[in-house]
Each structure stands twice: as C-alpha cells, then as structure tokens.
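Read the structure below first, then the notes.
The values are calculated or read from the model by the stated rules, or taken from the named source; none is laboratory data. Note that the structure is predicted; figures quoted are calculated from it, not measured. Because the Cβ atoms are built from the backbone with ideal geometry, glycine has one as well, and the counts that use them run over all protein chains shown. What goes into the accessible areas is simple: the full protein's heavy atoms, side chains included, and nothing from ligands, DNA or RNA. Shrake-Rupley method; radii C 1.70, N 1.55, O 1.52, S 1.80 Å.
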Amino acid sequence: MTMTASSTAPVVRVFDMDKWYGNTQVLYNIDLEVAAGETVCLIGPSGSGKSTLLRCINHLEEINTGSVEVLGDLMGYRLQRGRLHELHERDAAEQRTRVGMVFQHFNLFPHMTAIENVALGPIKVKKESRTEAREYARELLGRVGLSGKEEHYPSQLSGGQQQRVAIARAMAMRPKVMLFDEPTSALDPELVGEVLAVMKDLALTGGITMVVVTHEMGFAREVADRIVFMDGGRIVEQGPPSQVLDSPTSDRTRAFLAAVLH
C-alpha cells in the first residue's frame, strides 16, 4: 500500500459536483477526497461516469455545479467577489501541469523518439534546458523499464512500451497528482502486465497521489488504498479493497463484481 493518508487537507477535493452533456446528466452530486500519497481506483461498468469524473478533475471537461480543487486551488475557475469566473486557457493549462494524465491511447508524437516525447513538455511548458529535460527523461525511461529504447520511435515500440513512454511523459512534468484513464484497455492482453507493473511501482514507492480508472480488479485489490464503485453517474460505495471487493454493501456493487470476477 501507499504511504498512510495524510491528516492535512486533501490533494484532490470534488464537492457536490454535477456534469451535464446538453440535456443529459452524466454525473450526480459527486463528493470525493483524495489524500496525499493515496491511490484511489475507480471501478464500475462502462458508461458509469468514471472517465468523465477523471477529466473533470483535470478540467478537460467543464463542470456544471459544485467544485473541483487540486492542492487547494479551484480547477479552471477563480473565485472573485463570491462568483466563479472561468480561467483563461493559459492559466488553466498552468494548473494542469500539476496533474499528469495517462489516457487509453498513447498519443505519442510519431516523428519524435521516446526521449524527445518525454522531454518535450518540460522544455516547452516549464522552460527547462534541453540538457536538464533530456537527463530527467532518460532517468524516467529507465524507471519504466525502457533503458536502451530512448532513441526508438513509437512505431518501433510495442503498445505496452508506448504506454510506458506515455507514463514517463506525464511524470516528466513532476506532477503532484497522476490520473490514469483505463491505461491498459487498448493493449493486447500479454502487454497489460508490464504497464500495471510500472503503475504498481509508482503507487508503492513513488509517494505520488494517484486516481486510476481500471477494469483490472486484481490490480485494484493489490495497489489501491481505496476503491470507489460508480454506477449511473453516482458514487455507489467506497472503501478499502477488502471491504468493497469482498463484502460490498450495495446490491449493485455485488452484481457488478459477480459479473466481472467470475
């Protein structure tokens, strides 16, 4: 498990949040707090709102009511004279540098090598020197098991290796929070384990706060400090893996687990 949850203010705080797409409500009254160093896994059926919640935390999706805070700052908005005002995109992008995100698809630049993909953000966004950025990128690629692959292009890497480059790329910005949106769902089954192993290492030794949308129940059981089960745009129940996976309180959770674990 990760470090003991801190008694200080949560790193991520979602309060009474609703999200609509047009006339369709997709998230209802979401309340969620994530402590420093905690790993939270979001599970539930497809369409339950897990990925949307993740994108709202990073302000890739606007929320309709409630609030999302990361490190005490409202994501995407500023409060002035009792009213919320949306941030300029430049300021919202600056906020996002604190929150790394790994998607289902790798989205690497095909014309850039692995080390160039990883170093690009620090050079362009954080204005680090090319030498410093590449040195840290090399270190991160080693950490995700890709030493010797620094000069390979994405087309020369397997899907699992590309996703590990994507993880290193997100880590290169030195984020305080890492969000993972089903990072193994686009991989062939034999490649899933290598990506999960990297994520497990981050969770157990990295001291970083992680929120992971996953269908990998074994990974959730082994790595999560807390599992959050969502259905129909709502948080149905949450708790330690042993409680949610072995002794769920909700009939809906029990039905979901019966379908995916057997």
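General observations
- Largest mean-square fluctuation among 240, 110, 248, in a Gaussian network model of the chain whose springs join Cα atoms under 10 Å apart, belongs to 110.
- Amide H partners (placed H, <5 Å) of residue 36, local residues excluded: 6, 11
- Cross-link pairs 176/200; 124/176; 124/200; 19/50; 127/176 - those with Cα-Cα distance over 21 Å: 124/200
- The distance separating the Cα centre of the stretch 5-74 from that of the stretch 161-177 comes to 21 Å.
- Farthest toward positive dipole pole in the stretch 46-155 [+1 Lys/Arg, -1 Asp/Glu at C-beta], among 82, 57, 147: 82
- Calculated [θ] (222 nm, deg cm²/dmol) that DSSP helices of n ≥ 4 give over the chain, each run adding -39,500 (n - 2.57): -10500 deg cm²/dmol
- With every protein chain in place, the stretch 146-262: carbon and sulfur % of accessible area (1.4 Å): 49 percent
- Comparing 247, 185, 51 in a Gaussian network model of the chain where C-alpha atoms under 10 Å apart are linked, the largest mean-square fluctuation is found at 247.
- The chain: equivalent-ellipsoid semi-axes (sqrt of 5 x gyration tensor eigenvalues, Cα, Å): 29, 24, 16
- Per residue, the chain exposes 47 Å² of accessible surface when a 1.4 Å probe is rolled over the protein heavy atoms with every protein chain present.
- Taken along the Cα-to-beta-carbon direction at a fixed 7 Å, the label points for residue 15 and residue 88 span 2.7 nm.
- Rounded to whole Hz, the Karplus (6.51, -1.76, 1.60) HN-Hα couplings of the stretch 68-77, x for glycine and proline: 10, 10, 10, 6, x, 9, 5, 7, x, 9
- The portion of the accessible surface of the stretch 2-98 made up by carbon and sulfur, rounded to a whole percent, is 46 (1.4 Å probe; DNA, RNA and ligands excluded).
- Part-to-part distance (alpha-carbon centres) for the stretch 207-262 and the stretch 179-200, which is given in Å: 17 Å
- Here residue 131 and residue 105 are evaluated by their C-beta separation; at R0 = 35 Å the FRET efficiency comes out at 0.70.
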